[in-house]
There are 2 protein chains.
Amino acid sequence: MSGGWLAIVGLGPGAARMLTPEVTEAIGQASDVIGYIPYVARVSPRAGLTLHASDNRVEIDRADHALRLAAAGGRVVVVSSGDPGVFAMAAAVFEALEAGPDHWRDLDIRVLPGITAMLAASAAAGAPLGHDFCAINLSDNLKPWDVIERRLALAAAADFAIAFYNPRSRARPDGLDRAFAVLRETCDDERPVLFARAVTTPDQSLRIVPLPQARGEMADMRTMVIIGSSRTRLIDRAAGPLLYTPRSIS
Amino acid sequence: MSGGWLAIVGLGPGAARMLTPEVTEAIGQASDVIGYIPYVARVSPRAGLTLHASDNRVEIDRADHALRLAAAGGRVVVVSSGDPGVFAMAAAVFEALEAGPDHWRDLDIRVLPGITAMLAASAAAGAPLGHDFCAINLSDNLKPWDVIERRLALAAAADFAIAFYNPRSRARPDGLDRAFAVLRETCDDERPVLFARAVTTPDQSLRIVPLPQARGEMADMRTMVIIGSSRTRLIDRAAGPLLYTPRSIS
């Protein structure tokens with residue numbers, strides 16, 4: 001059966017005003033939308049569209065399902081929050097594709113980017129990622145904790161601003177506190193830490209504390225954590241502080 | 001004069017289909033649009049809108065101008081390509097704000113994110129940023145080269161995928177070759193390097209070569225360069241290879 005395609009799309013951080021037109025168009029043309037339950041819930045039902053919502057931690061099953069539907073002629077959209085290429089479904093689909101039957105390699109597959117969480121959080125607070133930075137997934141479902149600790153130490157030595165995805169994993173509730181402890185070994189006491197929760201939604205809240213006061217319990221599953229570099233600055237304002245990292249290091 | 005505001009917005013990598021609705025709306029409400037010449041050229045002229053295009057390397061003057069117009073009651077949009085918070089105008093505006101008169105801190109200022117170049121390049125090639133990664137600005141206008149070399153060595157030691165912004169600066173044409181030389185000291189010979197040029201435009205081209213074959217001349221001012229981590233994989237396809245970094249390191 002011909003005419004099938006697969007689009008792996010990013011829904012952005014939450015607000016419809018951040019959804020790109022090409023993602024809206026792909027969803028409008030889809031026969032099937034596949035993804036994690038809360039992300040599929042952001043897609044409006046309509047005649048001719050089947051919604052396939054599945055639980056977390058079944059990413060490869062979901063990717064297989066999407067590839068099979070597209071190979072059978074479906075117009076399939078896999079949805080991720082934020083950007084699908086950042087700790088999300090695009091890599092899972094390509095893992096499934098590589099392990100799957102050869103004819104899957106002939107499928108029409110596109111990745112449509114979205115506003116990823118760290119950029120939405122950064123914009124809400126100012127511009128803490130305005131200079132060199134890195135993004136680290138704190139979930140250790142898929143990597144051992146010693147790798148995370150080593151990366152944190154090297155990122156601090158490089159003086160990157162650091163964005164934490166999945167800062168609070170249910171399987172390792174103390175991970176974020178351990179990450180802060182690693183950073184405190186080398187970072188100064190003024191280093192600002194941003195907790196940006198539910199960014200762009202009505203529940204949005206921002207909190208900035210110096211690193212010595214940062215606690216894992218300040219984050220939940222909807223929180224993005226950004227640690228400034230040694231150059232990151234706070235501007236006091238009546239409307240709330242602005243956090244930014246200058247373009248220059250001199 | 002009241003009612004003024006300043007929005008620092010991201011136009012995305014080039015294609016209108018990647019411009020978020022909130023950015024389109026802000027531009028539609030603006031009295032003034034300010035930015036680097038090729039970015040302002042992406043905004044359609046209309047009655048009631050003044051376009052202020054300026055050359056590169058005058059970011060602080062441009063930021064001052066924007067803040068003065070907003071303080072005088074203008075509805076001012078500062079445009080960046082990609083995302084305004086990533087090596088772009090948001091940090092420049094906050095530098096000017098911090099150095100400027102106190103009343104600027106009472107201005108209504110928003111940062112509206114956009115699809116940044118590395119995410120558009122990653123999506124075009126597959127998902128090379130699917131695991132931990134960093135973003136480094138190779139322009140040494142604003143930082144000394146030894147800082148860049150040190151960050152590159154630490155990023156390679158951390159096994160991040162690495163995205164290079166401004167890989168070819170006119171002031172330092174050999175910078176990218178020097179960066180590849182630093183990476184070759186520790187990275188294996190299979191390490192893939194993506195050169196993604198003019199992504200999302202009609203001129204888009206993608207090229208993937210192993211690190212030993214990567215040359216600075218393969219990039220120009222419109223190119224994004226992404227170096228894979230040790231885990232990054234290539235999937236061969238008739239339609240062109242897919243480059244992706246698995247979610248797991250085991």
Return yes or no: is residue B:229 within 19 Å of residue B:156 (Cα to Cα) and modelled with pLDDT under 95? no
Filtering segment A:1-10 down to residues that are at pLDDT 95 or above and surrounded by fewer than 24 Cβ atoms within 10 Å (Cβ to Cβ), which residue is farthest from the chain's Cα centre (by Cα)? A:4
If only one of A:76, A:111, A:147 is buried (at least 24 other Cβ atoms within 10 Å of the Cβ) and more than 16 Å from the chain's Cα centre (by Cα), which one is it? A:76
Consider only pairs whose beta carbons are under 8 Å apart and that are at least six residues apart or on different chains; among these, list those whose first residue lies in segment B:193-214 and is within 16 Å of residue B:163 (Cβ to Cβ) and whose second residue is of a type in the set (Phe, Trp, Tyr) and not in a strand (DSSP E or B). B:193/B:180; B:211/B:180; B:214/B:180
Let me spell it out: the conditions are (1) more than 30 Å from residue B:236 (Cα to Cα); (2) part of a strand (DSSP E or B); (3) facing another protein chain (nearest Cβ under 9 Å), and residue A:164 meets all of them except one. Which number is the exception? (3)
Flag for residue B:177 being modelled with pLDDT of 95 or more and more than 12 Å from residue B:224 (Cα to Cα): yes
Give all pairs with beta carbons closer than 7 Å in which a residue from segment A:127-151 that is more than 9 Å from chain B (Cβ to nearest Cβ) meets a residue that is modelled with pLDDT under 90; count only pairs at least 6 apart in sequence or on separate chains. A:138/A:169; A:139/A:169; A:140/A:169; A:140/A:172
Out of the residues in segment A:240-250 meeting the condition of being hydroxyl-bearing (Ser, Thr, Tyr) and touching a Phe, Trp or Tyr at 6+ places or on another chain (Cβ under 9 Å), tell me which one is nearest to the other protein chains (Cβ to nearest Cβ). A:244
Members of segment B:56-92 found to be free of Cβ contacts under 8 Å to residues at least 40 places away in the same chain and over 24 Å from residue B:199 (Cβ atoms), listed by number: B:58, B:60, B:61, B:62, B:63, B:64, B:65, B:68
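The values are calculated or read from the model by the stated rules, or taken from the named source; none is laboratory data. Keep in mind the model is a prediction, meaning the values are calculated, not measured. When we count neighbours, we look across all protein chains shown, and the Cβ atoms used for this are built from the backbone with ideal geometry, even at glycine.
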